[in-house]
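Q: This is the structure I have questions about; it appears just below.
The values are calculated or read from the model by the stated rules, or taken from the named source; none is laboratory data. Source: prediction; values computed, not measured. Here Cβ is always computed from backbone atoms with ideal geometry, including for glycine, and neighbour counts include all displayed protein chains. Each accessible area value is taken on the protein alone, full model and side chains, heavy atoms only, with ligands, DNA and RNA left out. Shrake-Rupley method; radii C 1.70, N 1.55, O 1.52, S 1.80 Å.
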Amino acid sequence: MTLTINAAFDSGNIELRGQSRDEVRLAIRPDTASAFLQWFHFRLDGVRERAVQVIIENASETTYPNGWEDYDVATTDDLGSWYRTPASYIDGKLSWTAPAGAHSLWFAYFAPYSIERHDRLMARVAGEDGVELERLATTADGHSVDCLHLEGPHTGERDAGSRRQVWAIARQHPGESMAEWWMEGWLERLLDTEDATSRALRSMADIHVVPNMNPDGTARGHLRTNTCGSNLNREWAEPSIEKSPEVYHVRRRMHDTGVDLALDVHGDEALPYNFIAGTEGVPGWNQTRDAELIAFKHTLAALNPDFQTRRGYPRNRPGNANLAFASNYLAETFGCLAMTLEMPFKDTADTPRPAVGWSPERSARLGRSFVDAVYLALTDRLLPPPH
Ligand code: ZN
């Protein structure tokens, strides 16, 4: 059987450069109208009788070439469960062996979270009590930027003025699909009416959720940008209706509700850790805010050992924040706790699970843990850092 490569589907990305009987040579296609490239997702047929060597020849030309060190490829043969295939990065090329046996194999940078799965999640969640689905923007490609408002179940003392406003957004960078798997866990926990913490949180806070900020980039198989080539997490200072309507409309809605706590969910190509990047560089930073950020991180690490506080990005120096980043813009504008969560594409170095790496399931569990942490933050019960 002839080897065939196909990426003509939701979030597909690969180009065929050449092939022989037991080898395919491939290249990752850049994001539309931009030079970013790293995300790949394709199907390989014709491997039932023989193993095949898969080579991504332009791995060294990608945006984060150090992302390929100690990286194993997300793989499925049933489009249900994803596991990792060991890969090696040598002489600027990423390669791995597709074993014989399955009729078809799908490979991706990380387990994809498709537009169709997003639509199913929206349909399911929008039917729950106290949930309103709002279409906040229409993108250049005609996709919907969906926002879920979880308001209640309200208790007797409902008072709009005293309710806290929590915002969570994900996938400004569409290739960071772990961010939407995180959203599944976060939403399912929040909507569990038998969960006392979720009920308590929802009784005091309205929770606004944008599970996918960048559906155009998702569908097109991008790493970082929308169809116009805009990196949405550099657009928050001055978003434009033409080039970044996703940010323009979400930001406008945030100004309607106010923001008391904000989460922006991402993935990091290189670091094998879950960590939070704070907003220490915004002009309005102070010791109280710093203590709250540190306490939030330590509390989350206590709740979920897949999260840690030792490794991450260097702290932003005072006054040095780029206010075009979502978390910095929100921290400065609303004076609130705003955080960027980064999850790995690889695996967690401290709590590894080599067969699956960092995975959809682990991302969702971390999303569930955030319900506890946000509840403790809003009730002033975060843990102090250990001595
Ligand atoms: Zn990102």
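Q: By how many nm would the segment from Thr351 to Ala102 lengthen if fully extended, with 0.36 nm per residue of separation less the alpha-carbon distance? Don't skip to the end; give the middle numbers.
A: Values: separation 249, 0.36 × 249 = 89.64 nm, distance 3.00 nm.
Result: 86.6 nm gained on full extension.
Q: Here is a follow-up. For Phe296, Phe9, what's the largest-to-smallest order of accessible area, 1.4 Å probe?
A: Values: Phe296 0, Phe9 65 Å².
So, going from the largest accessible area down, we get Phe9, Phe296.
Q: For the residue pair Leu133 and Thr193, what label-to-label distance in nm results when each label sits 7 Å from Cα along the Cα-to-beta-carbon direction?
A: In this crude spin-label approximation the distance works out to 1.9 nm.
Q: If exposed GluC sites (Glu not before Pro) are those in a DSSP loop with at most 10 other Cβ within 10 Å, what is the longest stretch of the chain that has none? The partial results should precede the final answer.
A: Numbers: sites that count: Glu49, Glu157, Glu194, Glu242.
The longest such stretch corresponds to 243-387.
Q: Additional query: Leaving out ligands, DNA and RNA but keeping every protein chain, what accessible area does Arg315 have, in Å² rounded to the nearest 10, with a 1.4 Å probe?
A: Here the residue's solvent-accessible area equals roughly 130 Å².
Q: Could you give the length gained on full extension between Asp70 and Arg50, defined as 0.36 nm per residue of separation minus the Cα-Cα distance, in nm? The partial results should precede the final answer.
A: Values: separation 20, 0.36 × 20 = 7.20 nm, distance 2.59 nm.
Gain in length upon complete extension: 4.6 nm.
Q: While we're here: Could you compute how much accessible surface Ser203 exposes when probed at 1.4 Å, giving the result in Å² to the nearest 10?
A: About 40 Å², rounded to the nearest 10.
Q: For the stretch 110-259, report the accessible area per residue in Å² (1.4 Å probe, heavy atoms, rounded to an integer).
A: Values: 5430 Å² over 150 residues.
Accessible area per residue: 36 Å².
Q: Give the carbon-plus-sulfur fraction of the accessible surface of the chain in %, rounded to a whole number; probe 1.4 Å, heavy atoms of protein chains only. Spell out each step's value before the answer.
A: On the way: 7450 of 15630 Å².
Here carbon and sulfur together make up 48 percent of the probe-accessible area.
Q: Moving to a separate point now. Å³ per residue of the Cα convex hull, for the chain?
A: On the way: hull volume 52.9 nm³, N = 387.
That works out to 137 Å³ per residue.
Q: Using a 1.4 Å probe, how large is the accessible area of Ser162, given in Å² and rounded to the nearest 10?
A: 70 Å²
Q: Where a Cα-Cα gap under 28 Å defines reach, which lysines qualify for Lys243, not counting those fewer than 8 residues away within the same chain?
A: Output for Lys243: empty list, no partners.
Q: Roll a 1.4 Å probe over the protein chains and send me the accessible area per residue for the stretch 20-101 in Å². Before the final figure, lay out the partial values.
A: Numbers: 3610 Å² over 82 residues.
Result: 44 Å² per residue.
Q: Points 7 angstrom from Cα along the Cβ direction at Asp77 and Glu151: gap in nanometres?
A: 5.0 nm
Q: Determine the order of Leu303, Leu378 by accessible area, beginning with the largest, at a probe radius of 1.4 Å.
A: Values: Leu303 70, Leu378 15 Å².
The residues order as Leu303, Leu378, largest area first.
Q: OK, next. Only loop residues by DSSP count here, and only those with at most 13 other Cβ atoms within 10 Å; note down the trypsin sites (Lys or Arg not before Pro) in the stretch 219-310 that meet that.
A: Values: sites: Arg220, Arg224, Arg234, Lys243, Arg251, Arg252, Arg253, Arg289, Lys297, Arg310; in loops: Arg224, Lys243, Arg310.
Sites meeting the loop and neighbour criteria: Arg310.
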